[in-house]
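The values are calculated or read from the model by the stated rules, or taken from the named source; none is laboratory data. Given the structure is predicted, the values throughout are model-derived calculations rather than measurements. Here the Cβ is made from the backbone with ideal geometry for all residues, glycine too, and neighbour counts use every protein chain on show. To get the accessible areas, we keep the full protein, side chains included, count just its heavy atoms, and leave off ligands, DNA and RNA. Shrake-Rupley method; radii C 1.70, N 1.55, O 1.52, S 1.80 Å.
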Amino acid sequence: MFNRLRAVTAALCLVTAGLASAPPASASVSPGDGLALTPPMGFNNWNSTHCGAEFNEAMVKGIADIFVARGLKDAGYQYVNLDDCWALPQRNAAGDLVPDPVRFPNGIKAVADYVHSKGLKFGIYTSAGTKTCNTAGFPGGLGHEQQDANLFASFGVDYLKYDNCNNQNVDAKLRYTTMRDALRNTGRPIVFSLCEWGQNKPWEWASDVGHLWRTTGDIGDNYTSMLNIAKKNWVLSDFAGPGHWNDPDMLEVGNGGMTDTEYRSHFGLWAIMAAPLLIGTDLRKATPATFDILENREVIAVDQDPLGVQGKLVKSSGGLNVLVKPLKNGDKAVLLFNEGETTGRAVTSAAELGLSRSPGYRMRDLWTHQDWQTANTIAATLPPHGSAMFRVSADRNWATYPPAIDAGAIIQTSYPGALPIVTPGTTTSVTTSVTNNGRLPALSVESTLTGPGWTVQPESPTSAVLLRTDQSLSTKWTVQVPPGLSPGKYVLTGKATYQPGNVVLPYNLEVVVPGAPPAAPAFLSDVKWLRAANGYGPVELDRSNGESKAGDGHVITINGVTYAKGLGAHAPGVIEYYTAGRCTSVTADVGVDDEKGNNGTVTFEVWADGTKVADSGILTNLMPAKPLQADVTGATLVRLITTDAGDGNNSDHADWANAHITCN
């Protein structure tokens, strides 16, 4: 054992010595080499396959074929990239990486040649450490930078993703600069993607090292993870530009963990943030809805605009966000985004967008591909997690377009942003609103609302002969919720119609029928939640979170103490219960699970409706479980929330051990 440790230590000394003697950082890669002048677009297999057997030569070639056949290549997607597990676990006698002969029987160069034959470009992966991130322990590039760069160039590689695992605590700038110089020394133009997870703020130093850098930890195929990453990335707009981009990770669109509404928001957010658009789903299995999102050339044009400015957050209130991106021709792209759990109206104006004064503006809807005219206001009533994306300009022909109408329905909730709960056998009130944002009047305005077999009656006028600029038709409706409904989501359907143009604007209001609230004291792992979301993997019952499939966790263990009952979460996340005012307290022993070693930082919060009633502060793996007690008396909804404590969610396995609720 001693001799083995001594050998490992000696090897690491040689690695760090080699790095220390590497050439110093020289001229910037990004500004002068002509690469990645717009955010890279393409494909990476990781989000859909990880290291599964389906990741192989046939898949890679199939993706290249689809890029051409479906027109994705013409839309701007050009890189077909391999991720981890393409090589064998050991280098050969010459020290070179060896392609896995089962996955790639013809070798990597043959695959690259095939991709190139389609007029596309080819990318590959390794890590700035002794091994890559997969637990099988594939060899990384630390100490082999020039050898690996030469090999990649001989393959015909056009793009390198360089990860951050097993880095032996060697300085990040040194590790990534060494590989930058090695790539440059090959003489082959290779886009360099720093997958450093944002740990050392690469946006502050990497613009002369790589062409893009990860700003966060890995994305998960769920709304909570996507939102958390977007919010961390959108504050970094000042650091992005042609040849040096903020990278909030690859796309999850099509992988099944989010709704189409959420995937459209995901794609729109990445585009407005001038993020790389790397498809992460297996396109051989993609649905028409997935292709509709990924092939939207008007949204892609915002991402790829040659001015190269990342959109900025200009307004945020109550979970309603406005992001604006200036475009090279003077237009402004705007994304209105509702991050919350209930319908909300997001509003901005041409003045807030920075457009010059005009009697009217053209407002192009990038999802419906329709043109509208607006006097000044740009607004949309958005469903939970929904978005609207527009391209706005001072157009002298603005009067030829129909007036922009914003229509939607809102229901009162227990707190701002709460789930829209309705109870079977009761009546509830819904308000619809139709607002004319156009310079010219909207005529013969009609508003309707129907339910899924429910009785819906208007309590105020449903029509208006004319709506002038900024005027609204507001209608109050009484909705009778039938008794005996099963728990779940139900949709009320609204519609606004008006002239000129015979315009019909449909919209939906989704409401939630909860299950019965707990009627006695119980462990929360024995109570059905209303909703749950995790940074990675599902919330586990009486198990820790294993990050992937249900049941892949372990016995809940915090600082060596095991627990038979509890909830295994992964920050950031939320677990919400319907309590209907019948519960009084929540208790738990909270902490970071031992299964990830000494990594992980998490905060635990309990919320009673819109009020935070308990907060653990920051906890780490090195700390024992902390008792948490919260008064939830009278609350309709109780939420258990975990955050990543602001440092990314790597290894944030968050345990609500012995979580218990007292109800009557």
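Points to keep in mind about this one:
- Column: log10 I(q)/I(0), Debye, Cα scatterers of the stretch 319-402, q = 0.16, 0.25 Å⁻¹: -0.56, -1.21
- Entry note, the stretch 301-457: relative contact order of 20 percent, from Cα contacts under 8 Å with a spacing of 6+ residues.
- Per residue solvent-accessible surface (Å²) - the chain, probe of 1.4 Å: 39 Å²
- Crossing angle, helix 107-117 versus the chain [Cα axis fit, 0-90 degrees, rounded to tens]: 50 degrees
- Three-way shape call for the stretch 500-539 based on the alpha-carbon gyration tensor, with the a/c threshold at 1.5: oblate
- Computed from Cα positions, the angle between helix 57-69 and the longest principal axis of the chain comes to roughly 50 degrees.
- Here the stretch 108-174 yields Rg over Rh of 1.04, to two decimals, using C-alpha coordinates and the Kirkwood radius.
- For the stretch 215-345, size of Cβ-based charge dipole, Lys and Arg +1, Asp and Glu -1, in debye: 420 debye
- Surrounding net charge for Leu283, when Lys and Arg each add one and Asp and Glu each subtract one, Cβ distance under 14 Å: 0
- A simple count of charges around Lys109, restricted to other residues whose Cβ falls under 15 Å of its Cβ and scoring Lys, Arg +1 and Asp, Glu -1, yields -2.
- Over the stretch 108-227, relative contact order from alpha-carbon pairs under 8 Å, at least 6 apart, %: 22 percent
- The chain - percent of accessible surface contributed by carbon and sulfur, probe 1.4 Å: 53 percent
- Taking the Cα centre of the stretch 435-500 as reference, the dipole from Cβ charges on Lys and Arg (+1) and Asp and Glu (-1) amounts to some 120 debye.
- Degrees, to the nearest 10: 260-272 long Cα axis against longest axis of the chain: 60 degrees
- Placing +1 on the Cβ of every Lys and Arg and -1 on the Cβ of every Asp and Glu, with nothing else charged, gives the chain a dipole about its Cα centre of roughly 960 debye.
- Rg to Rh, two decimals, where the stretch 271-317 supplies the alpha carbon set and Rh follows Kirkwood: 1.07
- Reduced Cα scattering model of the stretch 580-626, Debye log10 I(q)/I(0), q = 0.15, 0.23, 0.27, 0.29 Å⁻¹: -0.47, -0.82, -0.98, -1.07
- Rg/Rg_ref, the stretch 94-147, where Rg_ref = 2.2 N^0.38 Å and atoms are Cα: 1.28
- Computed over every Cα-Cα pair of the stretch 522-615 and binned at 10 Å starting from 0, the pair-distance distribution P(r) comes out as 15, 51, 29, 5 percent.
- Stokes-Einstein translational diffusion, the stretch 189-242 - Kirkwood Rh over all Cα pairs, 1.002 mPa s, 20 °C, in µm²/s: 180 µm²/s
- Surrounding net charge for Lys328, when Lys and Arg each add one and Asp and Glu each subtract one, Cβ distance under 14 Å: 0
- Note on the chain: dipole from Cβ charges, positive end direction compared against Ala580, Tyr401, Ser317; the farthest Cα belongs to Tyr401.
- Too-long pairs where the Cα-Cα distance tops 21 Å, listed order kept, from Lys73/Lys121; Lys161/Lys312; Lys232/Lys489; Lys173/Lys325; Lys231/Lys312; Lys161/Lys201: Lys161/Lys312; Lys232/Lys489; Lys173/Lys325
- Relative intensity, log₁₀ I(q)/I(0), of the stretch 431-579 from a Debye sum that treats every alpha carbon as a point, q = 0.08, 0.12, 0.16, 0.19 Å⁻¹: -0.44, -0.72, -0.89, -1.07
- Surface accessible to a 1.4 Å probe, Thr431 within the full protein complex, Å²: 60 Å²
- Sorted largest first, the spans of the alpha carbon positions of the chain along the three principal axes are 83, 66, 39 Å.
- Rounded to two decimals, the Cα-based Rg/Rh of the stretch 117-230, with Kirkwood Rh, is 0.98.
- Taking the C-alpha atoms of the stretch 228-344, convex hull volume expressed per residue in Å³: 109 Å³
- Over all distinct Cα-Cα pairs of the stretch 20-157, the Kirkwood formula returns a hydrodynamic radius of 16.1 Å.
- Centre separation in Å (Cα based) which lies between the stretch 522-563 and the stretch 176-226: 33 Å
- Projected onto their three principal axes, the Cα atoms of the stretch 261-416 cover extents of 48, 45, 27 Å, largest first.
- D (Stokes-Einstein, µm²/s), Kirkwood Cα radius, the stretch 318-367, 1.567 mPa s at 4 °C: 105 µm²/s
- Sorted largest first, extent of the stretch 346-471 alpha carbons per principal axis (Å): 54, 32, 23
- Straight Cα distances below 22 angstrom link Lys495 to the lysines Lys476, with same-chain residues fewer than 8 positions distant left out.
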